[in-house]
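Only one structure is covered here, and it is reproduced in the block below.
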Amino acid sequence: ILRRQRVLPLRVMLRDFAPSLDAGKAGTSQNVEAYLLKLLGEQNHADAVRSLPELLKRGLAFVQFDGLDEVPRSHLPAIRQALVAFAEGEYRQCRIVVTCRTESYKKAEFRLESFPAPHEIAPLSNRDRAHFVHAWYRELEEVQPQFHGEGEACAASLLGAITTDRLREMAGNPFFLTAMAALHRPDKPLPDTSAEL
C-alpha cells in the first residue's frame, strides 16, 4: 500500500512532544497536528506546512510516534489520549506506528488499549547485519577523511568481533548494532553486556 501511494513520513519523538501538552488536560489530534506543523516550520519545510492538514485528512502521511516509554509519567495520560485521538479521529486514515520498549509496554500505564496487538521488531539476520555494517563504513568513508580507504577493513573487523554468542545475539538488535558500530575500534574489544554497551 505504501509503495502505491506517495506518503509523507513524519517522526514525533514523544519525549519532545510531551511538554507541548498540558498534563492536566486530555491530549487531542489537534495537539498532534499543531506539533507536526511546528516541527516542519522549524525545519523550513514551508510546502509541507501548507499541505500537511490536507495530507493528514486524506491519510497521506505515515507518522512514527517514537519512544512512548520515554514520556515523563506526568504527561503519559495526555500523550496516550492524543495518540488514540489521532488514530481514531479525523486522521484515522493515516498510517501510524508507536514504538515502546517491550517490558514497558507490558505495564498498563503504557498500553494503548484500542490499538492492535503489539509487534516486536524481528532480530537482524546475519545478512542484514553484514549489510548494515558495510553500509555504515561506506558512509564513514564518504564523510570522515580518516576512514578513507579503510571501510572494508573496518567492516571486516567489526563483523569478526561480533561472532561470540553474546555479541552476535546483541547485534541482532538494530539499536545495539548501531552502538557497536559507533564504539568499534579494531584494537579494543567491544563490551559484551547490554548495560556496558
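The values are calculated or read from the model by the stated rules, or taken from the named source; none is laboratory data. None of the values given here were measured: they were computed from a predicted structure. Every residue, glycine as well, gets a Cβ built from its backbone with ideal geometry; the counts of neighbours run over all protein chains shown. Heads up: the accessible areas ignore ligands, DNA and RNA and are worked out on the full protein's heavy atoms, side chains in. Shrake-Rupley method; radii C 1.70, N 1.55, O 1.52, S 1.80 Å.
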*Any residue at all in the range 174-187 that is farther than 30 Å from L83 by Cα and of a type in the set (D, E, K, R)?*
yes
*Restricting to helices (runs of 4 or more DSSP H) lying wholly in the range 1-115: which have 2 or more residues that are open to solvent by less than 50 Å² (accessible area, probe 1.4 Å) and in contact (Cβ under 8 Å) with a residue 60 or more places away in the chain?*
14-17, 76-88
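Residue by residue, here is whether (1) at positive phi; (2) out of contact with any Phe, Trp or Tyr (no Cβ under 6 Å at 6 or more places or on another chain); (3) not hydrophobic (A, V, I, L, M, F, W, C) holds:
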position	(1), (2), (3)
Q30	no, yes, yes
L39	no, yes, no
H45	no, yes, yes
L56	no, no, no
F86	no, yes, no
*Any residue in the range 181-196 that's more than 24 Å from E141 (Cα to Cα): show its pairings with residues that are charged (D, E, K, R) and surrounded by 10 or more Cβ atoms within 10 Å (Cβ to Cβ) at Cβ separation under 7 Å, as long as the two are six or more apart or on different chains.*
D192/R166
*without any contact (Cβ under 8 Å) to a residue 12 or more places away in the chain, surrounded by 13 or more Cβ atoms within 10 Å (Cβ to Cβ) and aliphatic (A, V, I, L, M), is that true of A156?*
yes
*Quick one: count up the residues across the range 159-173 that are over 23 Å from T102 (Cβ atoms), part of a loop (DSSP other than H, G, I, E, B) and touching a residue at least 12 places away in the same chain (Cβ under 8 Å).*
1
_Residue count for the range 120-140, restricted to those that are modelled with pLDDT of 90 or more and either more than 21 Å from A182 (Cα to Cα) or touching a helix residue (DSSP H, G or I) at 6+ places or on another chain (Cβ under 7 Å) (or both)_ = 9
*Do we have A23 as farther than 17 Å from A87 by Cα and of a type in the set (A, V, I, L, M, F, W, C) here?*
yes
*How many residues are buried (at least 16 other Cβ atoms within 10 Å of the Cβ) and either modelled with pLDDT of 85 or more or not in a loop (DSSP other than H, G, I, E, B) (or both) if we restrict to the range 174-197?*
6
